[in-house]
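Asker: Before I ask anything, let me first share the structure, which is written out below as structure tokens.
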Amino acid sequence: MIGLLALRNLLLKPWRSVFLLLGYGLGVGVMIVLLSIGEALLAQARNEKLVGGGDVTVLPEGIDIEVMKTGGLGGLFFSIDHARFIDRQLLAAPRLEPYVAAVAPQIDGKLLYARLASGREIPVLASGDVPSRNAAVGAAPTLASGAWDDDGGDREWSDPSPNELRNAIDHFHVPPPSARHDPTWAEWHYFNVLSSDGKRWAFISFILGGEVPDGRWGGQVLVTLHEQGGPTRTFTTTVPASAVRFSTTRADLAIGSASVVVLNDGRYAIRARAREGGTGALLDLNLVVAPAPGAYFPGAALSSGALVSGYVVPALRADATGSICVDGRCDTYDRAQAYHDHNWGVWRGVTWEWGAARAGAYTILYGRVQPADSTAASQPLFAYVVDSLGFLAVFRPRAIVYEDSRIVRVDGRELHVPSRAVMADARGDDTLRVALAIEDASATDTRTPAVERGDALAGRQLARPYFVQMKGTMTVSGRIFGKPIGGTGYGFFETYR
């Protein structure tokens, strides 16, 4: 009877019957797909190769999970850049303590090559983890015998001392093969210190430059003393390569009798003696710079053709204590506002925008490197924000808008330089607006020797040859993670004209 009714309904109203059958078939198909997806998700959630313990797995953006698991081409170079920074400043950061109980860095099935004593290389798959961290997320293996505990390398990776952290991110480099004989190679420690009244400051650079390490190169200590509205005084000491000592595993540096040494507690001890050109006045500098915990930028390195550029900020927010004396007359500093970064690379035709300032409870770092063959519109800036708990957010403003209404004189020539600047960005619900008010500026012609924060041994051939250093205030406003931010404070900024 049911079959007869169905047949007659099909004959009387064939189109309606066809649509009903199609709808029913589509519904069944969708249900099958959903059940299959659910089964696949459940299988992957139970896969110890993928999860490795814990509740959440963090992977590089865009990686194909199945390719990673099967060891295909997409899994050969599986890694997370700055993994230690992500572990310490994001996942296991104090900011997330109410939500994250434990974090376990792991890597599984990494393709490596083992070199035998005979010289033959064989491919191997290697895994790495931190035993105590794995145990904390419930991924500790079952031991048949022996012990499985953290060793010194595990501890240094997951919980380095301040000294170990500075040396890991602030060490020196040997130029890569593409820059080995480039005379514009330079690398330097840079510090700035601001007096408590905000009217006097010093820029301090310890520079290596030239064909390091087997060509014509040398070292230079360069200190410039500034007073708001007053002249700039420049002190230098230059030594040959034989009087320079640097390390590719440590941040310590010696240029003649001048030195930068990382103390056991992570502070920097800076000593230098230099003379002023023309007057011969002797500068004697003795400072200790103490970085604030968590306030550092882990670094970025660019390598594209002839361009090699690296930058790290071990002390984005720091205090300086000590003295800077000129011919026996001393300025003393007691927990004065300070900053330290480290740069390396080749600088022919390269310019940059840069700035760092305290704005109330926040410290802001912004910048971009501008290769000779690029345009400003194609190179967005980054703006990096930290607070008392460390890294807070990063923004990418498209441009910084300057108002060039200040005039300085460079070698008898008038030059228009910034008096104000503004940059802004929105990342989802987060917003940031940064406004600079310039209180003092000086400019240097990069076509002359001894240019601060650039190479000291070769002309840089810039289309905009005047390097402008500015001191002023930064005002920050916006919203991050649903909370308003704001503040104003002193900082230093750089650009080219």
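The values are calculated or read from the model by the stated rules, or taken from the named source; none is laboratory data. Predicted model, so just to flag it, every value in this text is computed and none were measured. Please note: Cβ atoms are built from the backbone with ideal geometry, for glycine as well, and neighbour counts cover all protein chains shown.
Asker: Would segment 83-93 turn up any residue that is surrounded by 12 or more Cβ atoms within 10 Å (Cβ to Cβ), at pLDDT below 70 and closer than 30 Å to residue 169 by Cα?
Answerer: The initial filter retains those residues of segment 83-93 that are surrounded by 12 or more Cβ atoms within 10 Å (Cβ to Cβ), namely 83-93.
Checking which are at pLDDT below 70 leaves us with none.
No - not one qualifying residue is present in segment 83-93.
Asker: Restricting attention to segment 262-269, does a residue exist that is in contact with a Leu (Cβ under 6 Å, 6 or more places away or on another chain), of a type outside the set (A, V, I, L, M, F, W, C) and either in a strand (DSSP E or B) or at positive phi (or both)?
Answerer: no
Asker: Checking residue 171 against (1) closer than 30 Å to residue 337 by Cβ; (2) more than 26 Å from the chain's Cα centre (by Cα), which single condition isn't satisfied?
Answerer: It fails just one condition, (2).
Asker: Filter segment 475-484 down to residues that are surrounded by 17 or more Cβ atoms within 10 Å (Cβ to Cβ) and out of contact with any Ser or Thr (no Cβ under 7 Å at 6 or more places or on another chain) and give me whichever is nearest to residue 404 (Cα to Cα).
Answerer: Looking only at segment 475-484, we keep the residues that are surrounded by 17 or more Cβ atoms within 10 Å (Cβ to Cβ), and these are 475-476, 478, 480.
Remaining after also requiring out of contact with any Ser or Thr (no Cβ under 7 Å at 6 or more places or on another chain): 476, 480.
Numbers: 476: 21, 480: 31 Å.
Top of the filtered list is 476.
Asker: Hey, does segment 121-129 have a residue that's closer than 19 Å to residue 157 by Cα, outside the structural domain of residue 293 (by TED's automatic domain parsing), among the hydrophobic types (A, V, I, L, M, F, W, C) and over 27 Å from the mean Cα position of the chain (by Cα)?
Answerer: Pass one, segment 121-129, residues closer than 19 Å to residue 157 by Cα: 126-129.
Subsequent filtering for residues that are outside the structural domain of residue 293 (by TED's automatic domain parsing) retains 126-129.
Filter once more, so that each one left must be among the hydrophobic types (A, V, I, L, M, F, W, C): 126.
From what is left, the residues that are over 27 Å from the mean Cα position of the chain (by Cα) are 126.
Yes, segment 121-129 contains a residue that is closer than 19 Å to residue 157 by Cα, outside the structural domain of residue 293 (by TED's automatic domain parsing), among the hydrophobic types (A, V, I, L, M, F, W, C) and over 27 Å from the mean Cα position of the chain (by Cα).
Asker: State whether one or more residues within segment 144-154 are surrounded by 13 or more Cβ atoms within 10 Å (Cβ to Cβ) and out of contact with any helix residue (DSSP H, G or I) (no Cβ under 6 Å at 6 or more places or on another chain).
Answerer: Yes, that holds for at least one residue.
Here's the yes/no breakdown for (1) under 22 Å from residue 437 (Cα atoms); (2) of a type outside the set (Val, Ile, Thr):
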residue: 296; (1), (2): no, yes
residue: 306; (1), (2): no, yes
residue: 310; (1), (2): no, yes
residue: 329; (1), (2): no, yes
residue: 358; (1), (2): yes, yes
residue: 363; (1), (2): yes, no
residue: 385; (1), (2): yes, no
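Asker: Can you pull out the residues in segment 411-440 that are more than 28 Å from the chain's Cα centre (by Cα) and assigned to a loop (DSSP other than H, G, I, E, B)?
Answerer: Restricting attention to segment 411-440, the residues satisfying the condition of being more than 28 Å from the chain's Cα centre (by Cα) are 411-416.
Scanning segment 411-440 gives 411, 412.
Asker: Given (1) among the aromatic types (Phe, Trp, Tyr); (2) out of contact with any Pro (no Cβ under 9 Å at 6 or more places or on another chain); (3) touching a residue at least 60 places away in the same chain (Cβ under 8 Å), identify the lone condition not met by residue 311.
Answerer: (3)
Asker: Could you check, for segment 408-424, whether at least one of its residues is under 14 Å from residue 355 (Cα atoms) and among the basic types (Lys, Arg)? Break it down stepwise before answering.
Answerer: If we filter segment 408-424 for residues that are under 14 Å from residue 355 (Cα atoms), which is where we start, we get 418, 420-423.
Next, from what is left, pick out any that are among the basic types (Lys, Arg): 420.
Yes, segment 408-424 contains a residue that is under 14 Å from residue 355 (Cα atoms) and among the basic types (Lys, Arg).
Asker: OK, next. Could you tell me whether segment 432-446 includes any residue that is of a type in the set (S, T, N, Q) and at pLDDT below 90? Let's see the steps before the verdict.
Answerer: First pass over segment 432-446, keeping only residues of a type in the set (S, T, N, Q): 442, 444, 446.
Retained after the next criterion (residues that are at pLDDT below 90): 444, 446.
Looking for residues that are of a type in the set (S, T, N, Q) and at pLDDT below 90, one finds at least one in segment 432-446, hence yes.
Asker: Scan segment 88-114 residue by residue and report those that are assigned to a helix (DSSP H, G or I) and either aliphatic (A, V, I, L, M) or within 20 Å of residue 135 (Cα to Cα) (or both). I'd like the intermediate steps shown before the answer.
Answerer: If we filter segment 88-114 for residues that are assigned to a helix (DSSP H, G or I), which is where we start, we get 88-91, 94-96.
Within segment 88-114, 88, 90, 91, 96 meet the criteria.
Asker: Filter segment 190-244 down to residues that are surrounded by fewer than 23 Cβ atoms within 10 Å (Cβ to Cβ) and β-branched (Val, Ile, Thr), then give me how many there are.
Answerer: So the answer is 8.
Asker: Which of the residues belonging to segment 138-160 are touching a strand residue (DSSP E or B) at 6+ places or on another chain (Cβ under 9 Å) and over 15 Å from residue 84 (Cβ atoms)? Don't jump to the end; show me each part of the working.
Answerer: In the first step, residues of segment 138-160 are kept if they are touching a strand residue (DSSP E or B) at 6+ places or on another chain (Cβ under 9 Å); the result is 139, 154.
Listed by number, the list holds a single entry, 139.
Asker: Moving on to the next point. Being in contact with a Leu (Cβ under 8 Å, 6 or more places away or on another chain) and touching a residue at least 12 places away in the same chain (Cβ under 8 Å) is the filter here; which residues of segment 399-418 pass it? Explain how you work it out, then say what you get.
Answerer: Just the residues of segment 399-418 that are in contact with a Leu (Cβ under 8 Å, 6 or more places away or on another chain), to begin with: 399-400, 407-409, 418.
Once the filter is applied, which keeps residues that are in contact with a Leu (Cβ under 8 Å, 6 or more places away or on another chain) and touching a residue at least 12 places away in the same chain (Cβ under 8 Å), segment 399-418 yields 399, 400, 408, 418.
Asker: Another question, if that's okay. Select from segment 419-452 the residues that are without any contact (Cβ under 8 Å) to a residue 12 or more places away in the chain and either over 24 Å from residue 365 (Cα atoms) or polar (S, T, N, Q) (or both) and write down the one among them that is surrounded by the fewest Cβ atoms within 10 Å (Cβ to Cβ).
Answerer: My answer is 448.
Asker: Let me ask you something else. Go through segment 228-245 and report how many residues are part of a helix (DSSP H, G or I) and in contact (Cβ under 8 Å) with a residue 24 or more places away in the chain. Working first, answer last.
Answerer: First pass over segment 228-245, keeping only residues part of a helix (DSSP H, G or I): 241-243.
Of the ones still in play, those that are also in contact (Cβ under 8 Å) with a residue 24 or more places away in the chain are 241, 243.
The total comes to 2.
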